[in-house]
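Written out below as structure tokens is the structure these notes cover.
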Amino acid sequence: MLFKDKEFDNALENAAAAIRSTEPPAGAAEAAAARVWKNIAREVLETAPTDLGGQIAGCADVQALLPAYRAGKLTQAREWLVQDHLRECIACRNAAAGVRKGVVLPWTQNETVRRAAMSPARRYAWAAGIVLAAGLTAYSLRDSFLPAPAGERARLEWSDGPVYLLAGNQQRPLRTGDTITEREWLRTPSGTRAFVRLRDGSRVELSERAEVSVGMNRQDTTVYLERGMVIVEAAKRRRGHLNVASGETTVAVTGTVFAVNRGVKGTRVSVIEGSVRVNQPARGRDLAAGDQITSTEWLEPVPIRDEIAWSRNVDAHLKLLGDASALARQIENIRLPGMRYDSRILRTLPAGTVVFVALPNLGETLKQAHQIFEDRIRESAELRAWWEKAVPGKDDPRISDLVEFVRGAAEYLGNEVVIAVVRRPGGEPAVAMLAEVHRQGLREYLDSQLQRLGAHDRPHMQLVNDLVVFAPKADMLREFAAPGTFGSEPFGRRIAEAYRDGAHILFCADLSRLTEGHAVPPALGSGDLRYIVVEQRQSSEGVGQTQATVNFAGERRGIASWLAAPGPMGSLDYVSPGATVAASFVVKQPDLIVDDLLSLAETAHGGFRDEIRSLESQLGIRFRDDIAASLGNDVTVALDGQLIPPAWKFIVEVKDPSRIQQAIDRLVAEYNRRAREQGHRELIAKTRPLWGRSVHSLQFGEGGMDINYAFSDGYLIAAADADTLRRTFRTKDNGNRIRLSRYLTADQYPNFSAVIYHDLSRVGLTI
């Protein structure tokens, strides 16, 4: 039988209503309960001679069964009886909690549990603490969990055809101005478009055959999209977010314009203006204007122009999208200050400088960006309307004055600003900001501007030849009163080397002098650290590149020596382009790392090595030889998917997978033996064939943390869950891995020792 959509929906709703309204005959529930109890009682009587504890007559019998109950040794019938009793008896429930924590309870039928009497003062103190904690917790969570005020959630603002409201089993037409409340669904039939105004001021445009409802708590508003397409113009909010929930996809925004299209194959999100956060089970991503994402691989992206062609305001949306994209392109095309290949300020710093930070003068860049933005706002009515709605208080004179102050001050200075820290024996370090002065009148400009802005706490300033020095305290200025000799010191010469290849931003620290007077365990190896130099540049393509170099006084030892010489990293093949964080390392032999860790532990806790040897004897394995020596040098840790719960993955090169698996099996067996002795939950270990591989899983009790891992192509790949592991193998098999080459510094080296990449931004850290 074929139904039209409307007829099918009505039939389904009528059937559901009939089921809900059906009541069982009188006495049917009681009769069913009696039959169930009779069956349970028969099984209990039949198993009583052989089951633990004999007949269950009261609390003492239940408590005697608790260890067996936690170990899973009771029959199903007795387990149900114990569970039923624990729901009703607080004393036995407390006793069960004691068993769960590993407390040995010597209960028998003739014994009673005695508790030490609590003094009245302690009783009142505990009560007050509980009330206070509950009050603070409730207050902090009130916005997220308390219901919003009752009443209107949205209002029908406009439609070009009939619109229906569905609540319970009823369906009624809506008129312009009618309200939608919690748990009510709005539906547009074929040929109808509509606008809905939310309670927070946001506006939602519905396509034909769309169905939505609106929910609120005290902080957030959520639009639930059952099907169809919506275009959301989110209002600027002081707190909370506007969320659009479409199946497993949730879009979180504040003050932006975007479209969500939900169909049978999945959900597609398109951003027209601003930025949104899209959360899906497999990943979380931030999208900017012009970006698009789909929830499944079977749903392909389409041009945003085609996606929103049905909208009544399509021209305005496309104009806004074009203006925002053009603005972004213009700002991206602004030339940043050129790289600097020398620093006069470096040569004037005092001896004893331990921290050196060099930044470009961004005054001209700020001026250009501000001018481009003002011009675009003035020329585009759509962009101006969005700006006025999205940024309340934008005309506050204090904001524009502050921008003008920074721009004006930058025009008096040279192309570099340096922050320096000088170590002073027996006192706090001296901190100052220095810059060359290229125009007369800086002091007068600063005095007039600070007075106009009403700034009372002014920094201390002095002019040394054609350098200006700012410091938080007057006595710190004395350290920079005369030209110093830092440029000829070893640390100064090391910084000068960093300038030779060009620099935008530099951070340099003399670690050897910073750690003077502080005891450092030899096993850490940090006592041999000398300098760290972090260089940030921007390539001709506008890609940010950050490189860190660590210098040592001698041969690296301890933790400082764990990184090996640069080499290939095959573990990165398992990380997708959508990773939020990825850190990869080429390490020295893992068995040597274990030696260092044992030395550190022995220093902190004497006799630790003897304890490890005893444990190894019980397990029949050796951590260094059976596990560490079976691992390779290539390691990657990544967050590759959703943030909550975190979709983590761990990839490490292996030399002998079977030896590692045998060691894991022995560790699990020993853990479970001890867990049984103490009444704790055991590890559930399973192995199953999936995706052409043997996948192992370790679960810490029913509902506990789950770890999945497999061996493939010379690597051990572990992940937070089976889905993350599946996507990890798909990334490797399809070759769709993260490409770091465009984010790395251009030099002659094909490999590196470590790389850290985060949040898909154009920033990498190489060593």
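Filter the stretch 265-293 down to residues that are open to solvent by less than 20 Å² (accessible area, probe 1.4 Å) and of a type in the set (S, T, N, Q) and give me whichever is modelled with the lowest pLDDT.
Within the stretch 265-293, the first condition is being open to solvent by less than 20 Å² (accessible area, probe 1.4 Å), and the residues that meet it are 266-267, 269-273, 276, 278, 280, 284, 287, 293.
Now drop any that are not of a type in the set (S, T, N, Q), which leaves 267, 270, 280.
On the way: T267: 92, S270: 92, Q280: 81.
The selected residue is Q280.
Within the bounds of the stretch 604-617, is there any residue that is in a helix (DSSP H, G or I), modelled with pLDDT of 80 or more and under 30 Å from K732 (Cα atoms)? No, that holds for no residue.
Here are some residues: R203, R183, R197. Which one is at pLDDT below 85 and either under 36 Å from the mean Cα position of the chain (by Cα) or surrounded by 18 or more Cβ atoms within 10 Å (Cβ to Cβ) (or both)?
Values: R203 fails: at pLDDT below 85; R197 fails: at pLDDT below 85.
None of the others qualify; the one that does is R183.
Name the single residue that is surrounded by the fewest Cβ atoms within 10 Å (Cβ to Cβ) among those in the stretch 723-741 being among the aliphatic types (A, V, I, L, M) and either modelled with pLDDT under 85 or in a strand (DSSP E or B) (or both).
Taking the stretch 723-741 first, the residues among the aliphatic types (A, V, I, L, M) are 725, 738, 740.
With the extra rule that they be either modelled with pLDDT under 85 or in a strand (DSSP E or B) (or both), the set shrinks to 738, 740.
On the way: I738: 21, L740: 17.
That would be L740.
Screening the stretch 222-255 for residues that are open to solvent by 50 Å² or more (accessible area, probe 1.4 Å) and acidic (D, E) and picking the one that is nearest to L318 (Cα to Cα) gives E226.
Do we have any residue at all in the stretch 294-315 that's within 34 Å of the chain's Cα centre (by Cα), at pLDDT below 85, aromatic (F, W, Y) and open to solvent by less than 50 Å² (accessible area, probe 1.4 Å)? Looking for residues that are within 34 Å of the chain's Cα centre (by Cα), at pLDDT below 85, aromatic (F, W, Y) and open to solvent by less than 50 Å² (accessible area, probe 1.4 Å), one finds none in the stretch 294-315, hence no.
Tell me which of these G607 doesn't satisfy, since it passes every other one: (1) surrounded by fewer than 16 Cβ atoms within 10 Å (Cβ to Cβ); (2) within 35 Å of the chain's Cα centre (by Cα); (3) of a type outside the set (V, I, T). (2) is the only condition that G607 fails. Of the strands (runs of 3 or more DSSP E) that lie entirely inside the stretch 475-571, those containing 2 or more residues that are modelled with pLDDT of 85 or more and open to solvent by 50 Å² or more (accessible area, probe 1.4 Å) span 505-510.
Matching residues to (1) open to solvent by 70 Å² or more (accessible area, probe 1.4 Å); (2) over 25 Å from V264 (Cα atoms); (3) over 36 Å from the mean Cα position of the chain (by Cα); (4) not polar (S, T, N, Q):
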| position | (1), (2), (3), (4) |
| --- | --- |
| V163 | no, no, yes, yes |
| G168 | yes, no, yes, yes |
| D178 | no, yes, yes, yes |
| E208 | yes, no, yes, yes |
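A single member of L321, L327 is within 20 Å of V257 (Cα to Cα), within 31 Å of the chain's Cα centre (by Cα) and modelled with pLDDT under 65, and it is L327. Taking every residue in the stretch 458-483 that is more than 15 Å from R443 (Cα to Cα) and pairing it with any residue that is part of a helix (DSSP H, G or I) and open to solvent by less than 60 Å² (accessible area, probe 1.4 Å), at least 6 positions away or on another chain, the pairs with Cβ-Cβ distances below 8 Å are P483/T348. Listed conditions (1) in contact (Cβ under 8 Å) with a residue 60 or more places away in the chain; (2) under 27 Å from A647 (Cβ atoms) are all met by V244, apart from (1). Would you confirm, using the coordinates I've provided, whether L600 is open to solvent by 30 Å² or more (accessible area, probe 1.4 Å) and touching a Leu at 6+ places or on another chain (Cβ under 9 Å)? For L600, the condition - open to solvent by 30 Å² or more (accessible area, probe 1.4 Å) and touching a Leu at 6+ places or on another chain (Cβ under 9 Å) - is met. Residue-level check: of (1) in contact (Cβ under 8 Å) with a residue 40 or more places away in the chain; (2) open to solvent by less than 70 Å² (accessible area, probe 1.4 Å), Q678 misses just (2). Considering E382, E436, the condition of being open to solvent by less than 70 Å² (accessible area, probe 1.4 Å) and at pLDDT 75 or above is satisfied by E436 alone.
Please verify whether the stretch 742-753 includes one or more residues that are open to solvent by 20 Å² or more (accessible area, probe 1.4 Å), within 15 Å of T636 (Cα to Cα) and at pLDDT 85 or above. No, the stretch 742-753 contains no residue that is open to solvent by 20 Å² or more (accessible area, probe 1.4 Å), within 15 Å of T636 (Cα to Cα) and at pLDDT 85 or above.
Is it the case that A309 is touching a strand residue (DSSP E or B) at 6+ places or on another chain (Cβ under 6 Å) and either touching a residue at least 24 places away in the same chain (Cβ under 8 Å) or hydrophobic (A, V, I, L, M, F, W, C) (or both)? Answer is no for this residue.
What are the residues in the stretch 572-597 that are in a helix (DSSP H, G or I) and either modelled with pLDDT of 85 or more or open to solvent by 50 Å² or more (accessible area, probe 1.4 Å) (or both), if any?
Keep residues of the stretch 572-597 that are in a helix (DSSP H, G or I), which gives 572-574, 590-597.
If the condition is that a residue be in a helix (DSSP H, G or I) and either modelled with pLDDT of 85 or more or open to solvent by 50 Å² or more (accessible area, probe 1.4 Å) (or both), then L572, D573, Y574, L592, L597 are the ones that fit.
When the stretch 263-284 is examined, which residues are found to be among the basic types (K, R) and assigned to a strand (DSSP E or B)? Write out each step before concluding.
Going residue by residue through the stretch 263-284, those that are among the basic types (K, R) are 265, 268, 277, 283.
If the condition is that a residue be among the basic types (K, R) and assigned to a strand (DSSP E or B), then R268, R277, R283 are the ones that fit.
The values are calculated or read from the model by the stated rules, or taken from the named source; none is laboratory data. Owing to the predicted nature of the structure, the values given are computational and were not obtained by experimental measurement. Glycine gets a Cβ as well: all are built from the backbone with ideal geometry, and neighbour counts include every protein chain shown. Each accessible area value is taken on the protein alone, full model and side chains, heavy atoms only, with ligands, DNA and RNA left out. Shrake-Rupley method; radii C 1.70, N 1.55, O 1.52, S 1.80 Å.
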